Amino acid sequence: MFYLHGYDSLKQENYETAIIVGDNTTWVYQNKRWMQGNSTNMYDKLNWQNYNIYENNKRIGTYNLWHSDKWYLFDNNKNAVNIEGELLAYNSNHDVNVEGFSKEDIEVDNYIEKVLEDNDLDLNSKFTKIYKSSIDYDHDGSIEDFYVISNVFPLDFEPSTLFSFVFMVKDNQIYYLYEDVRDYKAYSGCSPDIMSFINTDDDETDEIILSCFQYSNLGRIDMLYSFTGESFKILISNQ
């Protein structure tokens, strides 16, 4: 066991990965640590490299990327390639897997009621977003459910409190990724979305890319999460 762990650690010392989420988030993994890739020097290194490209978490092929005001896609003949959906791209010297998943609109269940109760929120709260994604996140043969619930940016109701939660249910236990509760103020809050389940370090457990969308020109927050076995932690964000 010690030998295997030591071997895996040595392998990961040589891992290098660049992950691009949308136009404003670039993360680079080198020397066993994550760092921001949003700098002129880093763009110079990343431009015109081959990337595995995903649109709305579905692979569309391998293309070159070049950054100016945003990321642009080109084929090997430098012809521009257009995508309409959400961009996810990676370039790596080791295996990286992007998992397919779906989003299922749901009704309030016992787990959602538990989260609302634990945060002193009305069980009859209205939602602007309520769904779950089911996936064998840690590849142990059992399915985990990931819930996303929020009442941020209400159009036809005015809550006294704004909230957003993202949590996993595993073995009937609730594990929070993201939680935000604040007094209601128009055009405030952050609406979360699961963007991808991605295995960045060739281990048994996927990481999660979670984006939180703010109002208007405030932009969005992108976060890369890992699970320690007891809780989730943010490896890196664009904030």
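Please determine whether any residue of the stretch 151-172 is more than 25 Å from Phe127 (Cβ to Cβ) and buried (at least 17 other Cβ atoms within 10 Å of the Cβ). Within the stretch 151-172 (the criterion being more than 25 Å from Phe127 (Cβ to Cβ) and buried (at least 17 other Cβ atoms within 10 Å of the Cβ)), the answer is no, since none of the residues qualifies.
Taken together, the residues in the stretch 192-233 that are more than 8 Å from the chain's Cα centre (by Cα), assigned to a strand (DSSP E or B) and farther than 17 Å from Asp138 by Cα amount to 5.
Residue-level check: of (1) more than 16 Å from Phe101 (Cβ to Cβ); (2) under 16 Å from the mean Cα position of the chain (by Cα), Lys132 misses just (1).
Of the listed requirements (1) modelled with pLDDT of 95 or more; (2) of a type outside the set (Phe, Trp, Tyr); (3) closer than 26 Å to Thr25 by Cβ, Gly100 misses just one: (1). Against the conditions (1) without any contact (Cβ under 8 Å) to a residue 12 or more places away in the chain; (2) among the charged types (D, E, K, R); (3) within 17 Å of Phe227 (Cβ to Cβ), Glu144 satisfies every one except (1). The residues of the stretch 128-150 that are of a type in the set (Phe, Trp, Tyr) and either assigned to a loop (DSSP other than H, G, I, E, B) or surrounded by 18 or more Cβ atoms within 10 Å (Cβ to Cβ) (or both), listed by number, are Tyr137, Phe146, Tyr147. Look at the stretch 82-135 and say how many of its residues are of a type in the set (Gly, Ala, Ser) and within 18 Å of Phe163 (Cβ to Cβ). The total comes to 1. Considering Val181, Val169, the condition of being closer than 16 Å to Asp109 by Cα and of a type outside the set (Ser, Thr, Tyr) is satisfied by Val169 alone. When His94 is tested against (1) modelled with pLDDT of 95 or more; (2) at negative phi; (3) out of contact with any strand residue (DSSP E or B) (no Cβ under 6 Å at 6 or more places or on another chain), only condition (1) is not met. Just so you know, in the stretch 73-97 the residues that are small (Gly, Ala, Ser) and over 18 Å from Asn24 (Cβ atoms) include one that is farthest from the chain's Cα centre (by Cα), and it is Ala80.
Residues in the stretch 191-214 that are charged (D, E, K, R) and farther than 20 Å from Lys32 by Cβ: Asp193 only.
Just to be sure, is Ser191 surrounded by fewer than 21 Cβ atoms within 10 Å (Cβ to Cβ), small (Gly, Ala, Ser) and under 26 Å from Asn97 (Cβ atoms)? No, not satisfied. Do we find a residue being farther than 23 Å from Ile236 by Cα, part of a strand (DSSP E or B), of a type in the set (D, E, K, R) and modelled with pLDDT of 95 or more anywhere in the stretch 114-127? The answer is no; no qualifying residue exists. Restricting the first member to the stretch 70-89 and to residues that are farther than 23 Å from Met223 by Cβ, and the second to residues that are charged (D, E, K, R), the beta-carbon pairs closer than 8 Å and six or more apart or on different chains are Val81/Asp75; Glu84/Glu55.
The values are calculated or read from the model by the stated rules, or taken from the named source; none is laboratory data. What you see is a predicted model; the values in this text were computed from it and never measured. When we count neighbours, we look across all protein chains shown, and the Cβ atoms used for this are built from the backbone with ideal geometry, even at glycine.
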